[in-house]
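The values are calculated or read from the model by the stated rules, or taken from the named source; none is laboratory data. All values derive from a computational prediction rather than experimental measurement. In this analysis, Cβ positions are derived from the backbone assuming ideal geometry, glycine residues included, and neighbour counts consider all displayed protein chains.
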Amino acid sequence: MLKEIFYGNYKVFYKVVGSENAPILVCLHGWGGGLNSFASLEPFLSPKYKLIIPELPCFQKTDTREPNFAYSLTDYANIVADILKNEGVSNFKNDGAHDDANVSNYSILAHSFGARVAVQPELTATSYIITGGAGLPPKFNFKTYLKIKLHKFFKIGRGSRDWQNLTPNGKQTFNNIRVDLTENYKSIDKPTLLIWGAGDNETPLYMGKAINSLIKTSSLTVYEGAKHFCFIDEPMRFANDVLLFLKAWHRV
């Protein structure tokens, strides 16, 4: 079912798949993704879980007008929190300040850029599945460094196709979200499953291993034949790993 909320004056779409009374799994797509990013997993996960799949602003079906501001990671996290509120899902930490009935009881599955949003303090999931998660600084690469310097000095090239397609505020949004989230990852103390493709060139395996060391409650599973989109490369295996993980922690 396709639904919508407004964030400020902008319409944000999201999709709900699965039983209304099933446990909640929020699925956060990567940069440039959309409502159908997790289509390969829906048939396997929706019989057990209510999937809430936002399409975050700047992408695909969501309001394509030029925003009058650039989004931050806090904005994106607040959008997800607003969607949870619209679905009647609690988003409070178990800190003794709220009744048990009002404490968060949802999990997050996040890919790439989606992980940047998932680890923001505005969201309080009870468990996480992170695949190809972004947010750690890359290792120094001299060829990349030189390419960037030449581009800035001589104005060589116009950037990637994704960059060229962005509006001015979209480009500022892109700059806003490229921050070091080491401390955010380190602060996670909930059960976390990390799934990484051994051949991931976007967020290489060393990042998955680093996140695994930062999140003390995490485990890392590596798919030898997969790249950045593990859940598309091996959807049945991926879904099975997710279901086993969630069943172990939540008995569902």
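Among the residues of region 5-59, those that are of a type in the set (Lys, Arg) and buried (at least 18 other Cβ atoms within 10 Å of the Cβ) comprise Lys15, Lys48, Lys50.
Residues are listed down the side, and each one gets a yes or a no for (1) under 30 Å from Ile24 (Cα atoms); (2) at pLDDT below 85; (3) charged (D, E, K, R):
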position: Thr131; (1), (2), (3): yes, no, no
position: Leu146; (1), (2), (3): no, yes, no
position: Arg161; (1), (2), (3): no, yes, yes
position: Pro168; (1), (2), (3): no, yes, no
position: Val179; (1), (2), (3): yes, no, no
position: Lys186; (1), (2), (3): yes, no, yes
position: Pro191; (1), (2), (3): yes, no, no
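In the condition set (1) modelled with pLDDT of 95 or more; (2) touching a Gly at 6+ places or on another chain (Cβ under 9 Å); (3) over 21 Å from Asn36 (Cα atoms), Ala118 is compliant with all but (3). Whenever a residue of region 11-38 is over 13 Å from Leu84 (Cβ atoms) and modelled with pLDDT under 90, its partners that are of a type in the set (Lys, Arg) and assigned to a loop (DSSP other than H, G, I, E, B), lying with C-beta atoms within less than 9 angstrom and at least six residues away or across chains, give the pairs Ser19/Lys48. Screening Thr64 on (1) at pLDDT below 80; (2) at positive phi shows it passes everything except condition (2).
Among residues of region 39-57 being within 23 Å of Gly135 (Cβ to Cβ) and part of a loop (DSSP other than H, G, I, E, B), the one that is modelled with the lowest pLDDT is Pro57. Selection of first residues in region 67-86 that are polar (S, T, N, Q) and of second residues that are not in a loop (DSSP other than H, G, I, E, B), restricted to Cβ pairs under 8 Å at least 6 apart or on distinct chains, gives the following pairs, ordered by first then second residue: Asn68/Asn169; Ser72/Thr173; Ser72/Asn176; Ser72/Ile177; Asn78/Tyr7; Asn86/Lys3; Asn86/Ile5. Taking the residues in region 203-252 that are hydrophobic (A, V, I, L, M, F, W, C) and modelled with pLDDT under 95 as candidates, determine which candidate is nearest to Val119 (Cα to Cα). Per the stated criteria, the residue is Trp249. Among residues of region 213-230 that are more than 19 Å from Phe245 (Cα to Cα), those with a Cβ under 6 angstrom from a residue that is at pLDDT 95 or above and of a type in the set (A, V, I, L, M), sequence gap 6+ or separate chain, pair up as Glu224/Ala198.
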